[in-house]
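Working notes for the structure below.
Any read-out appearing in this document is the output of simple, stated calculations on the displayed coordinates, not a laboratory observation. From a predicted model like this one, the values you see are computed outputs, not experimental measurements. Ideal geometry is used to build each Cβ from the backbone, glycine not excepted, and the neighbour counts take in all protein chains shown.
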Amino acid sequence: MLVKSDVPGINDKEPEGLKEDGTAYRVLIVDDSMFIAKQLGQIFTSEGFEVAGTAADGAQGVERYKEMYPHIDLVTMDITMPVMDGVSALEKILEFDKNAVVIMVSALGKEDVVKKSLLMGAKSYIVKPLDRKKVLERVVSILKR
Ligand SMILES: [Mg+2]
């Protein structure tokens with residue numbers, strides 16, 4: 001006979017946003033689109049991650065990263081932004097902290113820029129339009145590997 005613990009339902013599943021010690025992974029969302037930032041925020045908070053900061057351009061993103069360091073586990077980095085683009089911001093963040101975990105958020109058709117970012121040290125990328133399941137898969141595979 002099956003008991004409940006043999007068949008874990010989706011609601012019994014551990015939230016993906018928690019570390020082994022039970023505290024939340026802290027995320028910085030860098031994006032000039034309020035819509036995308038909100039969408040990412042909802043995906044993360046629904047899984048127990050903590051959105052510890054947001055920034056609307058690359059320069060702000062670098063600043064926020066430095067302020068939050070070392071209490072930051074993950075950055076989602078948009079590519080096309082005013083003031084400073086995501087690739088430049090990635091470079092600056094890695095100059096400051098070579099272990100930074102940055103995931104690029106790309107529009108379709110930006111394969112060259114994504115490739116460049118990965119070579120520079122971005123850990124992964126996600127493509128817009130955002131798919132909740134894919135976002136979480138990518139993020140979790142980076143954070144929990
Ligand atoms: Mg943008």
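Some notes on this structure:
- Counted residues, the range 81-103 - those being under 16 Å from the mean Cα position of the chain (by Cα), within 16 Å of the ligand (Cβ to nearest atom) and either surrounded by fewer than 19 Cβ atoms within 10 Å (Cβ to Cβ) or outside any strand (DSSP E or B) (or both): 4
- Of everything listed in (1) crowded, with 18+ Cβ neighbours inside 10 Å; (2) farther than 23 Å from Lys144 by Cα, the single unmet condition for Lys66 is (1).
- Residue in the range 104-118 that is surrounded by 13 or more Cβ atoms within 10 Å (Cβ to Cβ), within 29 Å of Gly22 (Cα to Cα) and more than 16 Å from the ligand (Cβ to nearest atom) present: no
- Matching option when the condition is closer than 19 Å to Asp131 by Cβ and either touching a residue at least 40 places away in the same chain (Cβ under 8 Å) or basic (Lys, Arg) (or both), among Lys66, Lys92, Lys13, Lys19: Lys13
- The residues of the range 117-137 that are assigned to a helix (DSSP H, G or I) and closer than 17 Å to Met81 by Cα amount to a single one, Ser117.
- Every pair of residues 6+ apart whose Cβ atoms lie under 6 Å, when the first sits in the range 27-42 and is touching a residue at least 60 places away in the same chain (Cβ under 8 Å) while the second is within 10 Å of the ligand (Cβ to nearest atom): Asp31/Ala37; Asp31/Asp78
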